[in-house]
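Structure record follows, encoded as structure tokens.
The values are calculated or read from the model by the stated rules, or taken from the named source; none is laboratory data. Quantities reported herein were computed from a predicted structural model and do not represent experimental measurements. Cβ atoms come from the backbone with ideal geometry, glycine included; neighbour counts cover every protein chain shown. Please note that ligands, DNA and RNA were not included when accessible areas were found on the heavy atoms of the full protein model with its side chains. Shrake-Rupley method; radii C 1.70, N 1.55, O 1.52, S 1.80 Å.
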Amino acid sequence: MKNGDVIMIDLGTSSVHILTPKKTQIKIGKKTIEFFQLIYKSAMSFKRSFNTKVFVTPNEKLLIYDKSRFGSGNITKWDLKTSLFEAHFFLSNVFEVHDVKLNYNESLLLVYTTKYTEKKDKKEKNVIVYLANNGMKLVTYKYLETTIIDVFDIIASEFGERLLIISHDDKSTNYNLLDPYIYAEPIAADKLFEISSFDFKRQWIVTSDRIIGFIDEKLSIKKLIPEDSKHWIEYLRKELKDYNSIIIPSGGKKVGIMIKNIINDSNTLTSNKFDNLTNRNLVEWTLTCDSRKTFLKAKSPDNSGERDIIWKNKQFLMQCECLDNDDLIMITRLDNDIINVFIWTFKETIKLIYYYSYEGKNKQEVFNENTFTDRFLPPPHFTIRSFRHIFEDQEANKFFEELLKTYVKEEFYLIIYGNDLMKKMVDNNETKLMERLYKRIFEINFKEKDPNIQLFSIISQSITKLSRENSMFVTDFMSEISFFITSDQILEQGTSENHLHHTGFYNRLSTSFFTFKYKFFAPLEIYMQKLSKIYFLKIIRDFYKKHFVNYKHFVILTFPLTKFVNYPREYNFWKELLIPEPSCFAESTDSEFYKTWNGEALLKFKWNTFGRKYYFLTWAIYTVFLCSFVIVTTLSNSISWNYKQFFLIITIIIGSCHLFHEFRQFIYSPLNYLSSIWNYIDLGAIISTIVISIQWLNYGTVSSGAITFSVLLLELKFIVFFRAIPFFGIYIAMIMNTVDKVLSFLIIFGLIIFVFAHSLHLLLRSMFEPFQDQDTNIFEQFGSAILASYYIMITGDSTPLSSWISREDIITMLFMIVFSFLVTIYLMNLFIGILSNLVGDTEDNQVAYMKLKKEIIEEIELFCLLPHQRRKYNWFPDTFNYIVHVNELIRKIESDEQKLSKKLYISPSLLDMIKRESNNEIQENDKINKLQKEMEEIKRILNEIRNNKIENKTEN
């Protein structure tokens, strides 16, 4: 490592050991010998998958490649200093990783792989480039199977990065430079090397822009690039004829310095012509400008172009300079208040590729130079209004469309700025632009040969706002990505796993109790592995699988909403403990998502991974709380006061914890909390139990009525805990969903009863009539009048009014007729009809159960898990795979195509598999029908033989 530490990887025990050197002196006779002793510093453990490979970088980053038997492979990056997860890099299951490395400044990750194509006997070599900080895939370069890649690395990280790949086959050795950000044809780089001196029979290393290897049996270090960026890019352009785009690492910082200097300097440049204004390596820029118009001209060795720029208001050209990659930066000021930054590029035509506007009167205090990073500029302004403030309307539309087309069409800009582009579109409700962006992401992942699943994070991270602003867009999006598959190969083996069960491997780096585990459990794990290979046990296991396990054909689908379940990496512990910052999953409220398999598979994954553990633990704690109180109330006459005190104190302690849990939910989202009727039951049960327990401890007695209602609420809450079990959950969800939907109707119903009860109270309170052989007028008191009205409404029994009706009181009779028709007949039957419709909607009830399960898991995530647990990669991966049974898949596709007006997109490989499976099913049915016919024919022949025998016996 750069700090001198030594990292040791032990795949046998799945552990990482860090040792640090310590200078030590020992005396041997009169001599003092100095040497470095390796001192044990720390250790960590990880999990091993079906295929695990581990790589370490000089800056103490651990890269773990995992591939499960079924499911996609993935690479995870961890910081060995903190043991924290940093990034995930997605690979489909058709890749086999050979080597992984980070570039010098650790901004890019390079992965050397072999890809198995649809024809399994054919392979291809790949070098894939990712952004190291967020796992976004930038570009893939493909080579033939016969090609051997000797060297792959990033050179000139500080000047203008290029991917260097040295490869050879039976015929020749190739030295290529490639663009690591945007796919481009390779550039021959033979001039960089002394070809005759290289010996590729031995391994070469490229590091710090130097190549280290053997020349004539001697170790040699060769410098590859010039000292500074100007000479390096000039060399690329003029010597190697590399005209591909170049990302300047210091470009963003340079723009920030230019803006800061302009803020501090009030000088302006107007109405001047600058011949050959800027000329770096390839493009010669010339411009003529005044306050309302600028004429821009560009010339390269084989092409030239020009463009007029018409300003809407008076603009002052403050600075104009050519960047090292031949792009032109133009900075203008509008009325000494607004600073605009334009970057132009020239290939076939002059094109605007960046626009940024800085506003503010007191700019020197407001401007933050750190906004402009070393590598990428801050997000440009994507609103048409910004352009119309600067250009004439026609020009504004043209420039905005030009910029938008570049950022949507070119995958590199989509990767860097896609999230900001989508957020701007959602904020401005630009439906057409959102559809345009989505179609491009859809095209890359479903129709191109090199899909990039991480691009779906552009939509998933804005999906909460999208569902509020444009629910139809989200519905269409969810349905179109329902059957997303990332590999070219379709797995059709048999599996005993349940439908929609997650598959794949999600690693974690752990330091907890590692020494104990290493000393005691490692030998046990080795012993269990040996035990599993015993022949007798193997026979039993194989027999069980053959005769008792039902294997089904399946395919592996991928959950495409990357980063949908992830929580922000940076957080404040105490703030997160009280008011946690939600993930997109926790914020989402769209029920359409849970009609898809993606939504259902996500809930199953979360439930099986961590949800059920915490749920049943919470249920167990609540059961102790309930039983402690119920024991005291039920056996109060049978147990001593000391036992009562013990159980009541336990009730108060656990109840206070539950009350704090409810309080956290309330402060997280007061409106949502107060809008749910079930939260009032929770509060009533917990608060009443705590109050009664405190009163009982203080006074030794408590009202039986208070105990009754408290126990009722406690036991109702206990019943609601069954909602997570599918056998009960769908009916509890049906009840809860029905109550939520008819709550407004019940309120109106109650108000009508209140009105009639009040009217009957006013009408009959002064009359005296024997009631049920007692001298009581049930309508004399308003409370009893309400109960009587409710009784008549529920039962249809008019006995409470029968005495007054017999008097032939016309007003009372009319009142009774109106009440019977409106409340007892019309409203009650209407209420029954509404309930019947709600209960009869099977699909709606299933969605209600899914939403209920989502609410349970959301509550566990936000209020049961600690902040660091919400960042555990194996619990909250960027994406995951899940198993789909083929017969279920065919039924689902047929069902969805009938329900949805929009045609589903199914990948060609998946469609071929479905057709094959359907044909196989038809063939199997044909075989069964044929066998049935043959059996019937055999039965007929046997019957004839039997009848003939009987006839022969009769004749004899």
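Points to keep in mind about this one:
- Note that segment 613-742 presents 54 Å² accessible area per residue, ligands and nucleic acids not counted, probe 1.4 Å.
- Sparsely packed loop sites in segment 47-99 (the GluC sites (Glu not before Pro) outside DSSP H, G, I, E and B with at most 12 other Cβ atoms within 10 Å) do not occur.
- Segment 430-475-segment 554-620 distance, computed between alpha-carbon centres (Å): 20 Å
- Here the accessible area is traced with a 1.4 Å probe on the protein chains. For segment 47-225, carbon and sulfur cover 50 percent of it.
- Pairs beyond 32 Å (Cα-Cα), from Lys347/Lys465; Lys47/Lys409; Lys223/Lys254: Lys347/Lys465; Lys47/Lys409
- Using the Cβ of Phe709 as centre and a radius below 15 Å, the other residues enclosed give a net charge of -1, where K and R count +1 and D and E count -1.
- Lysine pairs in segment 1-45 with Cα atoms under 23 Å, if 8 or more residues apart or on separate chains: 8
- Restricting the trypsin sites (Lys or Arg not before Pro) of segment 11-94 to loop positions (DSSP other than H, G, I, E, B) with no more than 12 neighbouring Cβ atoms within 10 Å leaves Lys30.
- Carbon/sulfur fraction of accessible area - segment 1-45, other protein chains in place, 1.4 Å, %: 59 percent
- With one equal scatterer per alpha carbon and no solvent term, the Debye-computed log10 I(q)/I(0) for segment 47-225 at 0.14, 0.17 1/Å reads -0.81, -1.16.
- Potential extension, Leu578-Ile945 segment - 0.36 nm per residue separation minus Cα distance: 123.5 nm
- Packing-based order for 647-653, 719-725, 454-460, 560-566, using average beta carbon neighbours within 10 Å, highest first: 454-460, 560-566, 647-653, 719-725
- Solvent-accessible area per residue, Å², over segment 47-225 with all protein chains present [probe radius 1.4 Å]: 42 Å²
- Surface share of carbon and sulfur [accessible, 1.4 angstrom probe, percent] for segment 611-717: 70 percent
- Across Lys595/Lys892; Lys405/Lys449; Lys137/Lys563; Lys892/Lys915, pairs whose alpha-carbon gap is larger than 18 Å: Lys405/Lys449
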